[in-house]
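The block underneath contains the structure these notes are about, expressed in structure tokens.
The values are calculated or read from the model by the stated rules, or taken from the named source; none is laboratory data. Remember, it's a predicted structure, so these values are computed and weren't measured experimentally. Cβ placement follows ideal geometry from the backbone for every residue including glycine, while neighbour counts extend to all protein chains displayed.
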Amino acid sequence: MIPDDWMPHRRADGEVVGYVRLAEGARFQAVDLLGRPLGEPADWLAIESLLDAHSIAWLDGTWSYAIEEGRALRVRIAEVSPDRVVLVEDRLGSVDGHAPARHEVPVPIEPGVLEPAAPLTEWPPPAP
């Protein structure tokens, strides 16, 4: 769960695009919606600008979810809240009638658990 002392940062339309937390001294740290630090601590205006530029478009695309040691799944982000992120397995456009598996991960996400996926270089992709 996002800590109570992290301040939500909203873009002009009211959408939360990240958080601001107090860093050392009079500096602040930008944090993305998954609870990961963005850049280095800076003054308030720089942090707001960073979060506005980062926005939420980065959530789109495929991700690598380390489901267990040595095993990762290719997923897409279906939902993000201050408590959790819901992931669905990326079926690469499959319409075989099977619903993709869903996974819930608590926020903030631990380092190395969810990272942008590398582009596919072979077809079909290797089995998980």
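Remarks
- Condition met for residue 38 (of a type in the set (A, V, I, L, M, F, W, C) and under 18 Å from residue 15 (Cβ atoms)): yes
- Out of 49, 64, 55, one residue alone is modelled with pLDDT of 90 or more and under 20 Å from residue 109 (Cα atoms). It is 64.
- Considering only residues in the range 114-128 that are surrounded by 10 or more Cβ atoms within 10 Å (Cβ to Cβ) and within 17 Å of residue 60 (Cα to Cα), the one that is modelled with the lowest pLDDT turns out to be 120.
- Residue count for the range 37-63, restricted to those that are more than 11 Å from the chain's Cα centre (by Cα) and among the aromatic types (Phe, Trp, Tyr): 1
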